[in-house]
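Since the structure comes first, as structure tokens, the remarks are kept for the end.
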Amino acid sequence: MLTGVLIIAVAGLLALLSHRRSRLENKIYKHVPLTEWLAISIFPVMLYLGWFFIVKNIIGRPRISLLPFEDFDILAITLLFTIYGFVGNALHFTGKILWRYLRENRHSMAFKVNEMFHGRLSHYLVYLNMLFIGFFLPILEINHPAVLPVTSTYLFLILLAGTVFGVSGIKAIFYTNEWFGGYNKPLFFIIALFLAVLLGLIKSFDLRFSLYPISLFIVSIFSSAVVTFLMRQFFIFAHLNDRRRLRFLAKILSA
């Protein structure tokens with residue numbers, strides 16, 4: 001289980017570092033930047049392997065009946081989100097490559113159509129499906145507590161890995177000083193909703209993280225994501241002049 005958690009954390013950190021490094025962006029192979037090759041091949045495989053090791057560990061534990069869901073039902077739903085996540089990643093890969101060669105003529109119809117897929121559609125498909133996949137891991141684990149409580153050191157490593165992935169994932173999608181970068185605003189509220197639901201379930205069933213380490217991992221991801229979102233907006237707001245602060249607040253309060 002810890003192997004899967006660490007693989008996911010490393011994948012998130014490497015994705016952030018590669019995304020922020022212009023040197024990798026400028027390395028071209030077969031007319032495609034190295035960052036995009038990593039995004040379409042290495043990182044999805046790492047995330048899938050991490051998910052596989054975690055799920056294998058969870059369903060290998062004895063089952064109790066706290067939630068009225070069968071394991072097969074949860075895994076089938078998760079598989080659907082996984083498929084759509086890979087579709088979104090493929091759309092982004094294709095759209096990003098075409099964008100490099102169409103951006104010189106931003107008024108062309110080809111560029112505008114490509115941006116429909118390269119922009120919010122592909123990003124939403126990737127981000128939203130990753131959130132749903134992560135959300136269903138604790139739902140699966142609720143009926144499969146650990147046989148023995150894990151140690152505090154083990155829990156600390158899981159908490160650290162979740163924080164690293166949460167911060168890395170959120171920082172990777174900051175592009176502008178607008179309210180959550182445009183499409184990031186609904187993502188914030190979805191993450192906050194998922195976090196509230198998980199914390200509600202944990203409190204309702206009086207679950208201990210020592211018996212539900214994957215729940216701790218996902219809660220730490222969502223919590224660090226929410227905190228990073230809010231801190232980012234606070235620092236942006238603090239560096240704006242009075243006029244731009246009013247516009248910033250108007251965007252926050254708008255629907």
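The values are calculated or read from the model by the stated rules, or taken from the named source; none is laboratory data. The shown structure was predicted, so the numbers you read here are calculated from the model rather than taken from an experiment. Please note: Cβ atoms are built from the backbone with ideal geometry, for glycine as well, and neighbour counts cover all protein chains shown.
Observations on the structure shown:
- The set of residues from the range 135-174 being of a type in the set (Phe, Trp, Tyr) and touching a helix residue (DSSP H, G or I) at 6+ places or on another chain (Cβ under 9 Å) comprises Phe135, Phe136, Tyr154, Phe165, Phe174.
- Residue match in the range 21-36 (condition: part of a loop (DSSP other than H, G, I, E, B), closer than 18 Å to Ser168 by Cβ and either touching a Phe, Trp or Tyr at 6+ places or on another chain (Cβ under 8 Å) or basic (Lys, Arg) (or both)): yes
- Any pair with Cβ under 6 angstrom, 6 or more apart, that starts in the range 141-167 at a residue that is within 16 Å of Ser220 (Cα to Cα) and ends at one that is among the polar types (S, T, N, Q): Glu141/Ser215; Leu159/Ser220; Gly162/Ser220; Thr163/Ser220; Thr163/Ser224; Gly166/Ser224; Val167/Ser224; Val167/Thr228
- Residue in the range 116-127 that is among the charged types (D, E, K, R), under 29 Å from Asn26 (Cα atoms) and free of Cβ contacts under 8 Å to residues at least 60 places away in the same chain present: no
- Answer residue from the range 199-221, given it is of a type in the set (A, V, I, L, M, F, W, C) and under 20 Å from Ser168 (Cβ atoms) and is surrounded by the fewest Cβ atoms within 10 Å (Cβ to Cβ) among those: Val219
- Phe72 part of a helix (DSSP H, G or I), at pLDDT 90 or above, over 16 Å from the mean Cα position of the chain (by Cα) and not small (Gly, Ala, Ser): yes
- Count of the range 56-107 residues which are of a type in the set (Asp, Glu) and within 27 Å of Ala39 (Cβ to Cβ): 1
- Some residue of the range 53-64 being surrounded by 15 or more Cβ atoms within 10 Å (Cβ to Cβ) and over 30 Å from Asp206 (Cβ atoms): no
- Tally of residues being under 24 Å from Leu128 (Cβ atoms) and either hydroxyl-bearing (Ser, Thr, Tyr) or assigned to a helix (DSSP H, G or I) (or both) across the range 53-69: 4
- The range 65-104 - residue that is under 23 Å from Lys30 (Cβ atoms) and touching a Phe, Trp or Tyr at 6+ places or on another chain (Cβ under 6 Å) and, of those, surrounded by the most Cβ atoms within 10 Å (Cβ to Cβ): Gly95
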